[in-house]
1. With every protein chain present, what is the per residue accessible area of segment A:204-340 (1.4 Å probe, Å²)?
2. Amide H of residue B:25 versus every other amide H placed in the peptide plane: which residues, excluding those fewer than 5 positions away on the same chain, fall under 5 Å?
3. Give me the count of lysine pairs in segment A:3-73 whose alpha carbons sit under 13 angstrom apart, restricted to pairs 8 or more positions apart or on different chains.
4. Using helices alone, what [θ] at 222 nm do you get for the protein assembly as shown, with -39,500 (n - 2.57) per DSSP H run of 4 or more residues, divided over all residues and rounded to the nearest 500?
5. Taking N as the number of residues in segment B:5-82, what is its Cα Rg relative to 2.2 N^0.38 Å?
6. Using +1 at the Cβ of each Lys and Arg and -1 at the Cβ of each Asp and Glu in the protein assembly as shown, identify which of A:24, A:208, A:414 lies farthest towards the dipole's positive end.
7. Can you list residues whose amide H is under 5 Å from residue B:62's amide H, if they're 5+ apart or on another chain and H is modeled 1.01 Å from N?
8. Under 12 Å between C-alpha atoms is the cut-off here; go through chain B and count lysine pairs that meet it, provided they're at least eight residues apart or on different chains.
Amino acid sequence: MNPYDEIKAYSKTVCEQIRWKKAHKVIAEEIENHICDQRDAYILQGDDEITATKKAILQMGDAVSVGMELDRIHRPKPQWIMISLTALLMLIGALANYFIDKSEYTLFCFAPYIIALTVFLICYFLDFTVLGRYAGYIYLLVLAFSAFQILLGKSVGGRMYYSTGRFTVSLSYLTLIFPLAYALLFYSLRHMNYKGIVLCEIGFVLFAVVLLLIPSFFGFIIFSITAFANFYICALKGWFGFDKKQGLLLALIIPISAVILALVYIIINPGFLTGITFAFNPYNESDGYGYLSCLIRDLLVNSKFVGKGSVPYRFESNIPEIPFAKTDYILTAITYNFGWIAFIVIIAVILAFSVLGIYYVTRQRSVLGTLLSLSIILTLILQASLYIINNLGFGIIPEVSMPLISYGKTALVINSSMIGFMLSVFRTGDIIKDSSISLLKPQSRIFMKMEN
Amino acid sequence: MTVDKSLMSGSTTILILKMLEEKDMYGYQIIETLAQRSNDTFNLKAGTLYPILHNLNKQGYVESYEKEEGNGKVRKYYHLTSEGKKLLKEKHQEWITFSSAVNRILNGGVSYESV
């Protein structure tokens, strides 16, 4: 046998003992490199290649024993607690949607959750490095798809929807995928130095403009914060090839451009500021702009700790109905119908999910794993936070969903797939090497054309 | 002089951690440095080293990263984390207690320090 084939045969025997196939490539590479180093040392001492290779392999020890030892160490890490919390949130969502609007819903309301669970499982078991391989394509696809929908979508109640046949897609929910797509753009441009920074900035502005055109101001806030976090982490870890201080200074271009775009949006839409003013003092116009916030606050004041709340005084004996309860105010509806205990349980589940998520993000070693999981967990946390604030009577138009709980098929499927990918990163991220992901770079050429 | 392998098995982790405390190293480099420093007393097999290194990596005591060498070869380096430094300190203390006790017995009740 050829000496190099002997080395390959040794690493193959080692890998055959390791049940987790994803770990094979990384382990085989390290072992083969070691044998080659040892072989070269023996050659320098005067041995010929064949003898040197045989001695180097002998020095490694028994391949089966080594493989069995490594098999005990390398196992995927399914995050059972986070998987259980995801299932619990889905169950809460399905039950809440069923009990809050029984008139419209039969058991069929569970169908979207079955689809969401399937999507979650597919993404969970999918190799997340596929996203890294097609990073640039995914960004461009999401951008093109959103731009196309803005052109063809229709505005209903201040929100933009795109309908085709029986399917309707909410654009403000669709944009929940922007932070993830942008993280992929970051990943694909990280070796490009200053050119990479310029392209990232262009990529940021394009998504931000789409969000403000929809308009989804709070989607814009979520996207901007997540993009800045990605940039900050890249700078901190030196992934852009700059020193830390220089990188952190460059990261500031994201918040600066976000503030400029937000100011432009507010100047063009002065009504937005009025909405914000009433968010803090809704009783100034309790029959007009602040009606919904006043209703929410009244219902919460009259909610019990356990059980259905009492009817607010101003409604006399008429039980008030919350408009858009399932989509925008499901937490308020749950609290009023089942008591604050239900609210506390949901917040506790969300909090536990978020804390665990952040913890596992900090444990990631690969650039792709870190950027993907960070952008997903931040999108989920910020979504939930804005939704909770809105449901406590601070009348901000939500434009976002309560992950896995509020009604909205687009948001449900997008959130489920994102959580699936995030847990896939946590499960297998330990063994992922960025260098082993061969990147396809369509964006470079296209962005360069745009620059010109 | 060759040493009984069972004597070394308990101290392999501390020796690897000590090597990495000085600088980041790749697997082959750890074995070579250890052999040189111990005048070939500690001839660690690679098959013993890598499971220990991977386990330390899994537990967060060491981190690994890849670095391209001048000859274009990509090597996997290991770096001791702050948790790893704490572990080394604990293991070192443990070793002092253990070795002094062994020496006290071997020297008929006289402690190692006083010999």
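1. Per residue, segment A:204-340 has 49 Å² of solvent-accessible surface.
2. The list, which skips near neighbours in sequence, is B:78.
3. Qualifying lysine pairs in segment A:3-73: 4.
4. Result for the protein assembly as shown: -21000 deg cm²/dmol, rounded to the nearest 500.
5. Taking the Cα Rg and dividing by 2.2 N^0.38 Å, one obtains 1.08.
6. Towards the positive end, the residue furthest out is A:414.
7. The answer is B:57, B:81.
8. 6
The values are calculated or read from the model by the stated rules, or taken from the named source; none is laboratory data. Worth saying up front: this structure is predicted, and the values here are computed from it rather than measured. Note that we place each Cβ from the backbone using ideal geometry, even for glycine, and neighbour counts take in every protein chain shown. Accessible surface is based on the protein model in full, side chains and every heavy atom, while ligands, DNA and RNA are left aside. Shrake-Rupley method; radii C 1.70, N 1.55, O 1.52, S 1.80 Å.
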